[in-house]
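*Asks:* Pasting a structure here, questions to come.
The values are calculated or read from the model by the stated rules, or taken from the named source; none is laboratory data. Given the structure is predicted, the values throughout are model-derived calculations rather than measurements. Methodologically, a virtual Cβ is constructed for each residue, glycine included, from the backbone with ideal geometry; neighbour enumeration extends over all protein chains shown. Ligands, DNA and RNA are stripped out before the accessible areas are found, and what is left, the full protein with its side chains, is counted by its heavy atoms. Shrake-Rupley method; radii C 1.70, N 1.55, O 1.52, S 1.80 Å.
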Amino acid sequence: MSPKPVTAPSSVPTHVAIIMDGNGRWAQARGLPRTAGHKQGAEAVRRTLIGAAELGVKYLTLFGFSAENWRRPESEVSALMGLLRLYLRSEIAELHGKGARLRVIGDVTRFDPDILALIRQAEELTRHNTKINLTIALSYGGRQEITAAARMLAQEAAAGRLDPSHINEALFETCLTTAGMPDPDLLIRTSGEKRISNFLLWQSAYAELIFVDTLWPDFDRRHLEEAIVEYNRRERRFGVFAGAR
Ligand code: IPE
Ligand code: IPE
Ligand code: MG
């Protein structure tokens, strides 16, 4: 594949992805239940979406709940599901009003049917919006996504509809949940942890990684702007020696 163009100075990344981490620690530091941190985290989602849209970010992808997070205590999972239901009910009209298109990626079939219905309604309502693409990764795992893509292609090949020698990166990408979206330019993780935790493994191959100590419920537009400033200090090479361009 040909290398993508190098970022111009002071450019706003087209696609910002964020691992929203640290809700539990935010709450614990205040002697509150972890759920209080998740609640505040939903506020940070609202702020970040508005900030990103105003800055001109076209794709904002947020990691809200991982495939592995299902293994948390039942009480925390059900509290998170309650918040998700609340968020979907209360925020969609506003999201729509702001011109955001919502997509949810991940194994949503594991959600209660009413949550799944709310997700589908929101996706349908906002599907023609173009101001910003908000993708929320829920019940999402990068390995699971890649495995599902491999399974899809294998099924096509086994059915005689696909010649395995025609499988390339472009075709593989069409089987990912992010098909049609550009790769993230900037990947931010909050809370000081320096790992990917199974987020957008394929898509982040050349993303610039920024780890900030801020806990997600404290994250706001200022932190996003700081990350974009840092992003602009980076030299993106895409494997091509800088002097060779
Ligand atoms: C991120 O915050 C939100 C989810 C993973 C659902 P955490 O709940 O992981 O908070 P910490 O990392 O324990 O502080
Ligand atoms: C990653 O955070 C998932 C989300 C932020 C939704 P975790 O808190 O689950 O990740 P680990 O366990 O610290 O790697
Ligand atoms: Mg965490």
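*Asks:* Whole number in Å², please: accessible area per residue of the stretch 93-245, 1.4 Å probe, ligands, DNA and RNA not counted.
*Replies:* Per residue, the stretch 93-245 has an accessible area of 52 Å².
*Asks:* Residue separation times 0.36 nm, minus the C-alpha to C-alpha distance between THR147 and ASP107: what's the value?
*Replies:* Here the answer is 13.2 nm.
*Asks:* Can you tell me the FRET efficiency between HIS128 and PHE241 if r is taken as the Cβ-Cβ distance and R0 is 45 Å, rounded to the nearest 0.05?
*Replies:* 0.55
*Asks:* I need to check one value: relative contact order of the chain, counting alpha carbon pairs closer than 8 Å and at least 6 residues apart, in percent.
*Replies:* Computed value for the chain: 30 percent relative contact order.
*Asks:* Using a 1.4 Å probe over the heavy atoms of the protein chains, calculate the carbon and sulfur portion of the accessible area of the chain as a whole percent.
*Replies:* Answer for the chain is 54 percent, counting heavy atoms of protein chains only.
*Asks:* May I pose another question? Within a Cβ distance under 9 Å of ALA44, other residues only, what is the Lys/Arg minus Asp/Glu net charge?
*Replies:* Residues near ALA44 contribute -1 overall.
*Asks:* Please compute the length gained on full extension between ARG47 and SER90, using 0.36 nm multiplied by the number of residues separating them and subtracting their Cα-Cα distance.
*Replies:* Residue separation times 0.36 nm, minus the Cα-Cα distance, leaves 14.0 nm.
*Asks:* Please list, in chain and number order, the residues 5+ apart from ARG236 or on another chain whose amide H is under 5 Å from its amide H, with Hs placed from the backbone.
*Replies:* Here THR7 satisfy the definition.
*Asks:* Loop by DSSP (not H, G, I, E, B), at most 15 other beta-carbon atoms within 10 Å: where is the longest site-free stretch of the chain for chymotrypsin sites (Phe, Trp or Tyr not before Pro)?
*Replies:* The reported range is 1-205.
*Asks:* Okay, next question. Roll a 1.4 Å probe over the protein heavy atoms and report the accessible area of ASP112 in Å², nearest 10.
*Replies:* 80
*Asks:* Given the Cα atoms of the stretch 149-209, and with Rh set as the inverse mean 1/r over their pairs in the Kirkwood sense, what is Rg to Rh to two decimals?
*Replies:* Here Rg/Rh amounts to 1.11.
*Asks:* Starting from the Cα of VAL77, step 7 Å along the direction of its Cβ; do the same at ARG234; then give the gap between the two resulting points in nm.
*Replies:* For the pair VAL77/ARG234, the computed spacing is 3.3 nm.
*Asks:* Whole angstrom only: what separates the Cα centroid of the stretch 31-74 from the Cα centroid of the stretch 134-177?
*Replies:* Spelled out, the Cα-based centre of one part sits 27 Å from the other.
*Asks:* So how many Lys-Lys pairs in the chain land under 27 Å Cα to Cα, not counting same-chain pairs under 8 apart?
*Replies:* Final tally of qualifying lysine pairs is 11.
*Asks:* Counting only Cα atoms, I'd like the Rg/Rh figure for the chain, Kirkwood definition for Rh.
*Replies:* On the Cα set of the chain, Rg over Rh gives 0.97.
*Asks:* Only loop residues by DSSP count here, and only those with at most 16 other Cβ atoms within 10 Å; note down the trypsin sites (Lys or Arg not before Pro) in the stretch 146-203 that meet that.
*Replies:* ARG161, LYS194, ARG195
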